[in-house]
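The values are calculated or read from the model by the stated rules, or taken from the named source; none is laboratory data. Note that the structure is predicted; figures quoted are calculated from it, not measured. Note: ideal-geometry Cβ built from the backbone for every residue, glycine included; neighbour counts use all protein chains shown. Just so you know, the surface numbers come from the protein's heavy atoms only, side chains and all, with ligands and any DNA or RNA stripped out. Shrake-Rupley method; radii C 1.70, N 1.55, O 1.52, S 1.80 Å.
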Amino acid sequence: MSENAAHQHDTQHHPHDGGAGLSGGTLAGGAAIGGAADAAATWDERYRSKPQMWSGKPNPQLVREAGGLRPGKALDLGCGEGADAIWLAQQGWTVTAVDVSAVALDRARSHEKAALARESVHAADGAIASRITWQQADLEQWQPGASFDLVTAQFLHSQELAWQGPLRTAASAVKPGGTLLVVGHHPDRLPPWGGAGHHHRGMFYTGDELVQELGLAGPEWQLEVQTRRERPVTGPEGQQATIADVVVRATRLP
């Protein structure tokens, strides 16, 4: 999923180009994760309400945590308009990017096409092939059917569905030796302008809660990063605030 809808005007980085996420549009992310048909229709309409929902920049925590990893096969859960998936592909990853919204995925394909065209101008061999498979699915029921070297889930928060199920799916898709990266809003440092949607404590998690729920302290995992990172953001009316991201990165042991 992506970043908070209120963070679209973040002057530092807009954390995710992702997509739909929370009911009422108070928080938004790469994928709405409610009932399949209703969720798809809801988020398609929300995307249609704006020519571009997100900044087009990859989430900064993804860049920081995945920038040094050896490229392989990656899964981006809640890809939205595609910034994270495109950035991963540009680093050499082969990416499966999943979102509930067909409108978001159409935009993501368009953004990828533009990025490939820019890269092809500088490529000795001409056109560059896509490294991304875009897939429409409801994350409440979707199962990956494969394992990945990197699974990233950014800001999967929803009033309509608990975060536990989709993030357990994310963890299960990591192959031995692979990396799980989960980033979310810390419940104790949310933007003050977010509206009623920010007051549903069950939508959010601390690092401890995430690690416990996904069993990342167990013998199958090596916990590499568990932290809370603060960053400044600018709200839709120019308000300034400091929020915090929960960042958890773990390696599945062989």
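Give me, ordered by chain and number, the residues 5 or more places off residue 159 or on other chains with an amide H under 5 Å from its own placed amide H.
Residues meeting the amide H criterion: 23.
Pop out the carbon and sulfur fraction of the accessible area of the range 53-181 as a percent, whole number, probe 1.4 Å.
In the range 53-181, the share of accessible area belonging to carbon and sulfur is 48 percent.
Using 27 Å as the Cα-Cα cut-off, could you pick out the over-long pairs in 57/113; 113/175; 50/73?
113/175; 50/73
Any idea what the alpha-carbon Rg over 2.2 N^0.38 Å comes to for the range 94-158?
Taking the Cα Rg and dividing by 2.2 N^0.38 Å, one obtains 1.33.
Plugging the Kirkwood radius over Cα pairs into Stokes-Einstein for the range 44-102, at a temperature of 20 °C and a viscosity of 1.002 mPa s, what D comes out in µm²/s?
My calculation gives 175 µm²/s for D.
Provide, as a two-decimal number, the C-alpha radius of gyration of the range 98-254 over 2.2 N^0.38 Å, N being how many residues it has.
Relative to the 2.2 N^0.38 Å estimate, the range 98-254 comes out at 1.20.
Counting pairwise Cα distances across the range 165-254, what percent come out greater than 18 angstrom?
Of the Cα pairs, 49 percent sit more than 18 Å apart.
Nearest 20 debye, what's the magnitude of the dipole of the range 95-254 about its Cα centre given +1 on Lys and Arg Cβ and -1 on Asp and Glu Cβ?
My answer is approximately 240 debye.
Order these peptides, 128-135, 148-155, 59-66, by their mean beta-carbon neighbour count within 10 angstrom, highest first.
Taking the mean over residues of other Cβ atoms within 10 Å, the ranking is 148-155, 59-66, 128-135.
Show the residues, 5+ positions off or on another chain, whose built amide H is closer than 5 Å to the amide H of residue 174.
148
Which value, in Å³ per residue, describes the convex hull spanned by the Cα atoms of the range 43-141?
Taking only Cα atoms, the range 43-141 has a hull volume of 108 Å³ per residue.
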